[in-house]
């Protein structure tokens, strides 16, 4: 079997951008190859055209292009023509694409199209309670209508997307993202930087970072030794028009808190794991995710996680068993959980050990890739 994956991001030095979605795609692609499945990845919106090989995966970089008129249509047709040529030449059996922006709207393939719910613009708009541009909604709806089947990383993401677009739920298969667990090993979970709270993700409103500022203000009032480390690129803010959400965060920090915040910005993915290992507690107070790769990465590294309580997170963490689930706007309760963990090392180690076990049972890429292969094969019958 030969699978083609369409994406705008993929972790590789030649690719211009990669985040959680790219990581999940790479995890799948590399593990499929190890199961003797050929994989071609088509990465659009790149700075150049190129074909490279990495870890057994063939990566097609497709240059971003602008046209004098209707770029949104003509670039999609350019992608479609290129991918179809490779499909025919390399005998690709199935194409998988993301739901975001409806990239496959106006495309036609001679093989089945599967769309994975990494998170559509419509999905995020619904969770954030903001209006979506009608054009974006129509592109995503058109793309979804042309797909033979769908894969959701959590049941919550599948059900919400089905409601938004009126999809047939019987065509949606829930298959979690997975991790190569032998690459996420913390040999010394009892060694960490005491009272260090770590956040990893884009600095953007929907990730709950403004609430996190309020949480840390409350934490620092109770424990002056607390520290907050932020990792991730800054983003503009849709609601206020500010070009920097981190600037908005800074305006919310108390003077005491501001002095104990270290914003590292974007750092190489290879360095992130060490920061997780060094953290006392990891936190992800997001309002909008489909799953959240950094959450399960932190759990795999035996970290106590204080996470959001919204839908998808309930499929990752069993509250008070292998982490905590708190609604991000309840900043007092959120801060109290962080303080509780700071003051109880034995509790941290117990939650971290249970978190690792949950990841081994639910998010092992070896188990998840077999589910993907079986589902792909069912679509070829």
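Each value in this text was obtained by applying a stated rule to the coordinates, not by laboratory testing. The model shown is predicted, which means the values in this text are computed figures rather than measured ones. All Cβ positions, glycine included, derive from the backbone under ideal geometry; neighbour counts span all protein chains shown.
When DSSP beta bridges are limited to those with both residues in the chain, what percentage is antiparallel, rounded to the nearest 5? Could you put the intermediate results ahead of the total?
Numbers: 5 of 47 bridges.
Here the antiparallel bridges make up roughly 10 percent for the chain.
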| remark: Matching label for the computed percent of Cα pairs over 30 Å apart, out of (1) 44; (2) 40; (3) 51, is (2)
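What does the extension gain come out to for residue 159 and residue 380, with contour length at 0.36 nm per residue minus their alpha carbon separation? Don't skip to the end; give the middle numbers.
Details: separation 221, 0.36 × 221 = 79.56 nm, distance 2.45 nm.
Going from the current span to full extension adds 77.1 nm.
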| field | Label point at residue 148 placed 7 Å out along Cα→Cβ; residues across region 64-93 whose backbone nitrogen lies under 14 Å | value | 92-93
| If each residue's Cβ is checked for other Cβ atoms within 10 Å, how do 72, 100 rank with the fewest at the top? | 72, 100
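So for each of 369-377, 126-134, 18-26 I average, over its residues, the number of other beta carbons within 10 Å; can you give me the resulting order with the highest mean first?
Details: 369-377: 16.4, 126-134: 12.8, 18-26: 22.0.
The packing order, highest mean first, is 18-26, 369-377, 126-134.
Given the DSSP H assignment, sum -39500 (n - 2.57) over each helix run of at least 4 residues in the chain and divide by its residue total; what's the result at 222 nm in deg cm²/dmol, nearest 500? Please list the in-between numbers first.
Details: 13 runs with 155 residues, N = 381.
Counting only the DSSP helices, I get -12500 deg cm²/dmol.
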| query | For region 182-362, what relative contact order do you get, as a whole percent, if you take Cα pairs closer than 8 Å and at least 6 residues apart? | reply | 26
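Using 1/(1 + (r/R0)^6) with R0 = 41 angstrom and r between the beta carbons of residue 86 and residue 262, what's the FRET efficiency to the nearest 0.05?
Numbers: r = 45 Å, r/R0 = 1.09.
The calculated FRET efficiency here is 0.40.
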| task | Report the FRET efficiency, 1/(1 + (r/R0)^6), for residue 320 and residue 48, where r is their Cβ-Cβ distance and R0 is 56 Å, rounded to 0.05. | result | 0.65
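Order the peptides 184-196, 221-233 from the highest to the lowest mean number of other Cβ atoms within 10 Å of their residues.
The densest-packed peptide leads the list: 221-233, 184-196.
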| request: Go through 284-290, 339-345 and give me the packing order, highest mean Cβ count within 10 Å leading. | output: 284-290, 339-345
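Quick check: from the Cα gyration tensor, does region 111-169 come out rounded (a/c under 1.5), prolate or oblate? Could the numbers behind the result be given before it?
Numbers: a/c = 2.12, a/b = 1.30, b/c = 1.63.
Oblate shape, in that a/c is at least 1.5 and b/c is the bigger or equal ratio.
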| task | Only Cα pairs under 8 Å and at least 6 apart count here; give the relative contact order of the chain as a rounded whole percent. | result | 14
